[in-house]
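A.B. asks: There's a structure below that I have some questions on.
The values are calculated or read from the model by the stated rules, or taken from the named source; none is laboratory data. As the structure is a computational prediction, the values presented were derived from the model and not from experiment. We place every Cβ from the backbone using ideal geometry, glycine too, and count neighbours over all the protein chains shown.
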Amino acid sequence: MTLDLDILPLSSWMPETPYPLLISGPCSLETEEQSLSTARELAKDKRVHVIRGGVWKPRTRPGSFEGIGSIGLEWLRMIREETGLMMGTEVANAHHAEECLKADIDVLWIGARSTTSPFVIQEIADVLKGSDKVVMVKNPMNPDLSLWMGALERLNAMGLKKLVAIHRGFSPFQETKYRNYPGWKTYIELRRSMPNLPIICDPSHIAGKREFVGEISQKAFDMGFDGLMIESHIDPSCALSDAAQQFTPSDLAKLIDRLVIRKQTFEDKEYGNKLDQLRSRIDVLDTELMELLSARTEIVDQIALYKKTNNVMALQIDRWSQMMNMRLNTAEKLKLNETFIKILFQLIHEDSVRQQTEYIDNLEK
Ligand code: PEP
Ligand code: MN
């Protein structure tokens with residue numbers, strides 16, 4: 001399903017620069033001095049378009065710094081006044097949205113925890129109704145595309161047209177080197193579902209650690225994101241939230257220098273021919289893969305029948321563990337990614353068990 005919301009392109013409100021939309025600034029605004037000095041340094045880098053700063057902080061556990069509150073909005077106004085840049089903050093309820101309208105904040109973003117709640121989104125959308133603010137919506141904590149799209153639809157229905165989605169990864173269901181699981185698949189689905197929606201990436205909250213922010217930012221550009229939101233702090237070691245993932249403004253500039261921005265496509269005949277050739281080889285291989293899968297399902301039917309004749313269960317855990325070990329050994333020899341092969345065979349096996357039970361059900365009818 002594709003949804004063409006009534007959304008304005010980034011170019012309609014973003015200051016004109018050749019660089020993709022770049023938002024940076026502290027995780028949390030802490031003091032006037034910290035806020036202004038960070039912004040001043042960032043403004044020297046002409047690639048930064050918007051200064052961010054959280055003033056109401058959603059903390060997972062109580063007892064840590066929960067944000068400076070509305071006074072921070074004044075500091076954001078001072079930042080805009082001094083640097084001429086747009087600025088923005090996170091809103092998590094109707095009261096925050098009202099405060100931001102009063103203080104004339106340029107960009108309001110909705111955090112991952114809030115996107116999970118349609119009540120909260122509707123409350124915020126009702127307050128912002130008819131305003132021309134830029135509103136950005138982070139993905140919900142869990143990879144639920146409908147919740148993410150639903151939030152954008154609710155805002156759009158209230159007349160908000162300067163909408164942007166922010167991909168910040170998902171709560172990890174298993175240990176990874178990153179703080180949040182990137183789950184690029186959900187981003188790709190959002191791109192397909194809302195083709196005219198600008199989508200940026202927040203590599204800071206995916207990474208959780210400075211050392212991984214660069215690789216995720218590059219990946220984001222390789223996958224066609226329209227921009228980045230990266231946290232920065234004049235002195236990250238003293239930050240009151242997310243200290244491990246923030247950059248000094250000068251380290252941020254070095255990181256941006258290293259990023260390569262890809263072209264969407266390349267109108268060159270030779271490039272086009274070569275790419276077409278490679279793609280047709282992929283098409284042939286994919287067809288062969290599916291023919292192999294089809295041959296496999298025929299054998300699965302035979303197994304189902306044989307088990308049924310001998311009154312044996314469809315699911316055989318020992319065989320399944322042995323099979324997975326064998327497949328992972330083969331994957332290693334063929335230099336295939338272990339996680340990919342694991343997920344692939346989990347799917348194949350799950351479908352094989354489904355097929356066997358359905359086959360037996362049908363025989364018994
Ligand atoms: C943030 O941007 O500082 C933040 C709290 O992000 P998220 O909602 O992605 O956790
Ligand atoms: Mn943060």
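A.B. asks: Is it the case, given these coordinates, that Asp286 is of a type in the set (D, E, K, R), at pLDDT 95 or above and part of a helix (DSSP H, G or I)?
C.D. replies: The answer is yes for Asp286.
A.B. asks: Picking from Asp222, Asp226, Asp235, which residue would you name as being in contact with a Pro (Cβ under 8 Å, 6 or more places away or on another chain), away from ligand 1 (no atom under 15 Å from the Cβ), among the charged types (D, E, K, R) and touching a residue at least 24 places away in the same chain (Cβ under 8 Å)?
C.D. replies: Within the list Asp222, Asp226, Asp235, the selection yields Asp226.
A.B. asks: Ok, one more. So Val213 clears everything in (1) within 13 Å of ligand 1 (Cβ to nearest atom); (2) in contact with a Ser or Thr (Cβ under 7 Å, 6 or more places away or on another chain) except one condition, right? Which one?
C.D. replies: Here Val213 clears every test but (1).
A.B. asks: Check Leu344 against each of (1) modelled with pLDDT of 95 or more; (2) in a loop (DSSP other than H, G, I, E, B) and name the one condition it does not meet.
C.D. replies: Every listed condition holds for Leu344 apart from (2).
A.B. asks: Looking only at the stretch 252-274, which residues are away from ligand 1 (no atom under 16 Å from the Cβ) and in contact (Cβ under 8 Å) with a residue 24 or more places away in the chain?
C.D. replies: Ala253, Leu255, Ile256, Arg258, Leu259, Val260, Ile261, Arg262, Gln264
A.B. asks: Filter the stretch 248-283 for residues that are closer than 30 Å to Leu36 by Cβ, assigned to a helix (DSSP H, G or I) and out of contact with any Leu (no Cβ under 8 Å at 6 or more places or on another chain) and give the result.
C.D. replies: Scanning the stretch 248-283 gives Ser250, Asp251, Ala253, Lys254, Leu255, Asp257, Arg258.
A.B. asks: Among the candidates Ile299, Ile360, single out the residue that is over 24 Å from Glu175 (Cα atoms) and surrounded by 14 or more Cβ atoms within 10 Å (Cβ to Cβ).
C.D. replies: Answer to the check: Ile360.
A.B. asks: Here are some conditions: (1) touching a helix residue (DSSP H, G or I) at 6+ places or on another chain (Cβ under 7 Å); (2) among the hydrophobic types (A, V, I, L, M, F, W, C); (3) under 20 Å from Gln245 (Cα atoms); (4) in a loop (DSSP other than H, G, I, E, B). Phe65 meets all but one. Which one does it not meet?
C.D. replies: So the condition that Phe65 fails would be (1).
A.B. asks: Tell me which residues, restricted to the stretch 42-60, are near ligand 1 (Cβ under 10 Å from one of its atoms) and either of a type outside the set (S, T, N, Q) or under 17 Å from Glu81 (Cα atoms) (or both).
C.D. replies: Of everything in the stretch 42-60, those that are near ligand 1 (Cβ under 10 Å from one of its atoms) and either of a type outside the set (S, T, N, Q) or under 17 Å from Glu81 (Cα atoms) (or both) turn out to be Arg52, Gly53, Gly54, Trp56, Lys57, Pro58, Arg59.
A.B. asks: Which one of these does Gly169 not meet: (1) of a type in the set (Gly, Ala, Ser); (2) away from ligand 2 (no atom under 16 Å from the Cβ); (3) within 19 Å of Trp109 (Cα to Cα)?
C.D. replies: Unmet for Gly169, out of (1) of a type in the set (Gly, Ala, Ser); (2) away from ligand 2 (no atom under 16 Å from the Cβ); (3) within 19 Å of Trp109 (Cα to Cα): (2).
A.B. asks: Something else: Condition first: modelled with pLDDT of 95 or more and aromatic (Phe, Trp, Tyr). Now tell me which residues in the stretch 143-180 satisfy that.
C.D. replies: Trp148, Phe170, Tyr178
A.B. asks: Among the residues of the stretch 70-91, is there at least one that is in contact with a Ser or Thr (Cβ under 8 Å, 6 or more places away or on another chain), of a type in the set (A, V, I, L, M, F, W, C) and part of a loop (DSSP other than H, G, I, E, B)?
C.D. replies: There is no residue in the stretch 70-91 that is in contact with a Ser or Thr (Cβ under 8 Å, 6 or more places away or on another chain), of a type in the set (A, V, I, L, M, F, W, C) and part of a loop (DSSP other than H, G, I, E, B).
A.B. asks: Among Met86, Met78, which is within 14 Å of Val135 (Cβ to Cβ) and either in contact with an Asp or Glu (Cβ under 8 Å, 6 or more places away or on another chain) or away from ligand 1 (no atom under 14 Å from the Cβ) (or both)?
C.D. replies: Checking each option against the conditions leaves just Met86.
A.B. asks: Right, next: If the Cβ limit is 8 Å and pairs must be 6+ apart or interchain, which residue in the stretch 118-147 that is of a type in the set (D, E, K, R) pairs with which residue that is modelled with pLDDT under 95?
C.D. replies: Within 8 Å, no pair qualifies.
A.B. asks: Residues in the stretch 109-131 that are away from ligand 1 (no atom under 16 Å from the Cβ) and either modelled with pLDDT under 95 or of a type in the set (Lys, Arg) (or both): how many?
C.D. replies: 2
A.B. asks: Go through the stretch 14-66 and give me each residue that's within 20 Å of Gly224 (Cα to Cα), crowded, with 24+ Cβ neighbours inside 10 Å and more than 16 Å from ligand 2 (Cβ to nearest atom).
C.D. replies: Correct list: Val48 only.
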